[in-house]
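The structure appears right after this line, and notes come after that.
The values are calculated or read from the model by the stated rules, or taken from the named source; none is laboratory data. Keep in mind that this is a model prediction, so the values were computed, not measured. As a convention, Cβ positions derive from the backbone with ideal geometry for all residues, glycine included, and neighbour counts pool all protein chains shown. Accessible surface areas use protein heavy atoms only, side chains included; no ligands, DNA or RNA. Shrake-Rupley method; radii C 1.70, N 1.55, O 1.52, S 1.80 Å.
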Amino acid sequence: MANPLAQDLDALRQAIEKTADLGPYAQAFHLTPPVGWLNDPNGLSQLGDTYHAYFQYSPFNPEGGVKMWGHSTSTDMLRWKYEGAALYPDQPFDVGGVYSGSAFVEDGTMHVFYTGNVKLEDSEGYDYVNSGREANTVHVSSDDGAHFGPKKPVLKNEDYPEDDTNHVRDPKVWREGDVYYMVQGARKKDDTGEVILFVSEDLESWKLVNRITSDEPFGYMWECPDYFEIADTARGGVVKVLSVSPQGLRGEDWDRRNVYQSGYFVLQGDVQGDPQLSGFALWDAGFDFYAPQTFATNDGRRVLIGWMGMPDEKSYTNLTLESGWQHCFTVPREVTSRWGRVMQWPIRELEAYRGELHRGFESIDVADSKCFDLMVYGKLPLKRLNVVIADDLHLTWDGKRFEMRFEDTDKSAVGAGRVSRFEPLDELRNVRVVGDMSSIEVFVNDGELTFSTRYYPKNYHVTVDAPDCDVRLWELNF
Ligand code: FRU
């Protein structure tokens with residue numbers, strides 16, 4: 001069924017994947033591309049007992065190129081099996097890339113919605129913001145997650161609000177009652193970001209019903225929106241979460257952080273009405289985190305996976321480039337709410353991989369631990385904390401702020417140019433650190449605050465200095 005373009009892309013992809021050798025920084029349990037470049041998580045879903053994760057994939061260029069959907073499956077979201085590419089840019093309406101989107105499972109069928117990106121040839125002086133670009137919303141379905149039927153465009157630029165630019169993308173679809181909902185991210189002509197909401201009764205014809213934005217302009221573009229409701233385990237009721245990845249935030253607070261951000265607003269009121277947006281909270285305050293997506297597991301958990309990478313970042317890099325690849329996903333994180341605080345915690349499946357335990361009171365010093373799960377708990381109030389990983393990466397809390405800092409700032413050093421990220425924090429209760437071959441994810445205060453980063457150790461070594469604390473480090477066996 002595949003057309004000649006898809007057939008050739010398929011053959012070329014397989015040929016380049018055969019040459020791949022991910023080298024010393026290959027991850028053990030974080031989803032990575034088999035070769036080349038990976039960005040956003042797409043189509044996260046569970047079909048029967050199998051979890052499906054798709055990813056923005058450019059096999060031919062580790063610095064990003066033509067985007068297709070790579071596909072991996074798992075039964076526990078930690079051991080991933082690469083399945084090939086599920087969707088190629090092979091139609092006039094997606095030839096510039098099968099961009100991000102989501103999957104929605106109903107009656108054993110997976111419905112995927114993605115953005116078919118098109119950049120027209122520049123003969124007319126296009127600016128590629130208000131002209132020269134198409135964003136087609138495409139629906140395609142599958143019974144097994146690997147083989148998809150015909151692609152059907154369901155929305156095009158004329159169907160989006162007139163005062164939006166051509167930047168509209170990343171459909172996320174869900175169902176409530178008999179109605180299907182879809183959010184998309186957009187850049188308005190006045191250079192502010194917004195989320196647009198559509199409803200449908202048949203997944204084919206979609207009607208625009210709302211536009212949601214902040215009271216004050218908040219960046220020029222909101223990418224990869226997501227909307228979900230979770231129960232608050234402490235005070236009951238539901239918390240309505242609107243997640244977006246805004247670009248173009250300026251000012252002191254943002255200048256010390258990443259180029260682009262990912263975070264969420266809590267909504268008061270109906271998504272279809274005139275909801276009030278809370279202040280914006282970051283999903284992750286580390287160096288490498290963008291474009292997360294969530295999905296509901298069959299057992300009722302809300303799981304979030306982010307792209308552990310950062311677009312358009314010039315000051316730091318990834319030493320995996322030498323081995324022909326870049327980027328990975330975060331560890332899947334369960335999202336919960338307590339007293340209105342939204343928290344992330346590594347999925348419980350990770351604990352099944354815990355092996356040898358190193359335990360100490362106030363301190364430990366563990367050599368050669370490559371994949372690990374570290375927990376530090378103490379008698380409150382804690383006084384201070386200092387974790388040093390790979391003799392270079394410092395995680396510290398001094399009573400005022402929690403900081404992730406690389407000592408050596410050279411681009412060939414452990415942090416490959418990364419320096420410091422911090423957040424104000426006046427009470428520390430506990431810290432969990434999950435390490436893989438080339439990534440560190442930190443969960444502070446039961447996951448109220450998280451920091452993710454890639455890192456490139458010369459030697460694996462973890463030391464902890466934490467007065468009055470119980471320190472436990474499990475080796476993770478994958
Ligand atoms: C976010 C993003 C999406 C887009 C995709 C293209 O990282 O820019 O908005 O669909 O990446 O790869």
- [ ] Filter the range 70-104 down to residues that are β-branched (Val, Ile, Thr) and more than 16 Å from the ligand (Cβ to nearest atom) and give me whichever is farthest from Gly145 (Cα to Cα).
- [x] Thr75
Open item on the list: Could you tell me how many of the residues in the range 178-194 are buried (at least 24 other Cβ atoms within 10 Å of the Cβ) and either of a type in the set (A, V, I, L, M) or closer than 30 Å to Asp107 by Cα (or both)?
Closed with: 5
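So that you can scan it fast, the table gives a plain yes or no per residue for (1) buried (at least 16 other Cβ atoms within 10 Å of the Cβ); (2) not acidic (Asp, Glu):
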{"position": "Met221", "(1), (2)": "yes, yes"}
{"position": "Arg235", "(1), (2)": "no, yes"}
{"position": "Asp253", "(1), (2)": "no, no"}
{"position": "Asp274", "(1), (2)": "no, no"}
{"position": "Leu277", "(1), (2)": "yes, yes"}
{"position": "Phe280", "(1), (2)": "yes, yes"}
{"position": "Phe289", "(1), (2)": "yes, yes"}
{"position": "Ala296", "(1), (2)": "yes, yes"}
{"position": "Ile305", "(1), (2)": "yes, yes"}
Open item on the list: Please go through the range 105-130 and give me each residue that is surrounded by 13 or more Cβ atoms within 10 Å (Cβ to Cβ) and farther than 28 Å from Phe55 by Cβ, ordered by number.
Closed with: Tyr126, Asn130
Task: Within the range 152-165, tally of residues that are part of a loop (DSSP other than H, G, I, E, B), away from the ligand (no atom under 16 Å from the Cβ) and open to solvent by less than 50 Å² (accessible area, probe 1.4 Å) - done: 1
- [ ] Please work out if Ala416 is closer than 18 Å to Pro457 by Cβ and loosely packed, with under 14 Cβ neighbours inside 10 Å.
- [x] no
Task: Single residue of the range 237-251 satisfying the filter (within 15 Å of the chain's Cα centre (by Cα) and aliphatic (A, V, I, L, M)) that is surrounded by the most Cβ atoms within 10 Å (Cβ to Cβ) - done: Val244
Task: Residue that is farthest from the ligand (Cβ to nearest atom) [pool: residues in the range 105-124 that are of a type in the set (Ser, Thr, Tyr) and part of a strand (DSSP E or B)] - done: Thr109
TODO: Search the range 307-345 for residues being small (Gly, Ala, Ser) and surrounded by fewer than 21 Cβ atoms within 10 Å (Cβ to Cβ), and hand back the single one that is farthest from the ligand (Cβ to nearest atom).
DONE: Gly340
- [ ] State yes or no: is Asp392 within 15 Å of Gly435 (Cα to Cα) and open to solvent by less than 60 Å² (accessible area, probe 1.4 Å)?
- [x] yes
Open item on the list: Whether any residue in the range 398-410 is assigned to a loop (DSSP other than H, G, I, E, B), open to solvent by less than 30 Å² (accessible area, probe 1.4 Å), over 19 Å from Leu357 (Cβ atoms) and touching a residue at least 12 places away in the same chain (Cβ under 8 Å) is what I want to check.
Closed with: yes
TODO: Mind listing just one residue for me: the one in the range 279-297 that is of a type in the set (A, V, I, L, M, F, W, C) and closer than 19 Å to Trp345 by Cβ and, of those, farthest from the ligand (Cβ to nearest atom)?
DONE: Ala296
